[in-house]
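Student: I have a structure I would like to understand better, so I am pasting it below and will then ask my questions one at a time.
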Amino acid sequence: MRRAICPGSFDPIHRGHVEIIRRAAMLFQEVVVAVSDNPKKTYFFDRSQRFELAEASLEGISGVVVEPLEEGLLARYAADRGAVALVKGLRSGQDYDYELPMAAMNRALTQVETVFLPANPELLHISSSLVKEVHGLGGDVEAFVPAPVLAALKAR
């Protein structure tokens, strides 16, 4: 099976994430959406909420599985899961500059490749940080997030 890992904190998952994951699912037999924690970040939703929102937002996309990514190296997790690739969405050259050294390190550690998918131009402006900021200031984020995320944001 050609399995890919699409890692992220997904705080919250938004339409840009969903679009990249949907496209990855057309390239691989299985895409594991690995919901992780970054010790350098403070989260709006806890990991269990982020996991549940990812599952609900990706429901119906064939070949997509959502899993928690426990602590440790992403490259080791990918190798342990038998993944042939990591999938990363790119919105800009800044994203590429940030992701390229990690891709090289992951390949050096476990030979797992990284596949970069450019974001849909209509979704380039969406980020989890901006969604939270706009929502926190009373803005309407309905166009940027799946329905389960919108409901969770409104409930907070």
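Student: Hey, could you check the range 107-129 for residues that are assigned to a helix (DSSP H, G or I) and charged (D, E, K, R) and say which is surrounded by the fewest Cβ atoms within 10 Å (Cβ to Cβ)?
Tutor: Residues of the range 107-129 assigned to a helix (DSSP H, G or I): 107-110, 121-123, 128-129.
Going one step further and asking which of them are charged (D, E, K, R), we end up with 107, 122.
On the way: 107: 14, 122: 10.
So the residue we want is 122.
Student: Quick one: what pairs do we get from the range 144-156, first residue without any contact (Cβ under 8 Å) to a residue 24 or more places away in the chain, second open to solvent by less than 20 Å² (accessible area, probe 1.4 Å), C-beta under 7 Å, 6+ apart or different chains?
Tutor: Cβ pairs passing all conditions: 150/141.
Student: May I ask you to verify whether residue 26 is touching a residue at least 40 places away in the same chain (Cβ under 8 Å), open to solvent by 80 Å² or more (accessible area, probe 1.4 Å) and of a type in the set (A, V, I, L, M, F, W, C)? Full working, then the answer.
Tutor: Details: touching a residue at least 40 places away in the same chain (Cβ under 8 Å): no; open to solvent by 80 Å² or more (accessible area, probe 1.4 Å): yes; of a type in the set (A, V, I, L, M, F, W, C): yes.
No: the conditions fail for residue 26.
Student: While we're here: Yes or no: residue 15 within 17 Å of residue 77 (Cβ to Cβ) and open to solvent by 20 Å² or more (accessible area, probe 1.4 Å)?
Tutor: Details: within 17 Å of residue 77 (Cβ to Cβ): no; open to solvent by 20 Å² or more (accessible area, probe 1.4 Å): yes.
So residue 15 fails the test.
Student: In addition: Scan the range 65-81 residue by residue and report those that are assigned to a loop (DSSP other than H, G, I, E, B) and either open to solvent by 40 Å² or more (accessible area, probe 1.4 Å) or among the polar types (S, T, N, Q) (or both).
Tutor: Residues satisfying the conditions are 70, 71, 72, 73, 81.
Student: Also, quick follow-up: Tally the residues that are touching a residue at least 40 places away in the same chain (Cβ under 8 Å) and open to solvent by 70 Å² or more (accessible area, probe 1.4 Å), restricting the search to the range 130-142.
Tutor: Within the range 130-142, the subset touching a residue at least 40 places away in the same chain (Cβ under 8 Å) is 131-132.
Subsequent filtering for residues that are open to solvent by 70 Å² or more (accessible area, probe 1.4 Å) retains none.
Result for the range 130-142: 0.
Student: With respect to residue 89, is the statement that it is open to solvent by less than 40 Å² (accessible area, probe 1.4 Å) and assigned to a loop (DSSP other than H, G, I, E, B) true?
Tutor: Values: open to solvent by less than 40 Å² (accessible area, probe 1.4 Å): yes; assigned to a loop (DSSP other than H, G, I, E, B): no.
Considered against the rule, which asks whether it is open to solvent by less than 40 Å² (accessible area, probe 1.4 Å) and assigned to a loop (DSSP other than H, G, I, E, B), residue 89 comes out as no.
Student: Restricting to the range 17-50, name every residue that is part of a loop (DSSP other than H, G, I, E, B), within 20 Å of residue 80 (Cβ to Cβ) and in contact with a helix residue (DSSP H, G or I) (Cβ under 8 Å, 6 or more places away or on another chain).
Tutor: Within the range 17-50, 36, 37 meet the criteria.
The values are calculated or read from the model by the stated rules, or taken from the named source; none is laboratory data. All values reported here derive from a predicted model rather than from experimental measurement. FYI the Cβ positions are ideal-geometry reconstructions off the backbone, even for glycines, and counts take in every protein chain you see. These accessible areas exclude ligands, DNA and RNA; they are computed on the full protein's heavy atoms, side chains included. Shrake-Rupley method; radii C 1.70, N 1.55, O 1.52, S 1.80 Å.
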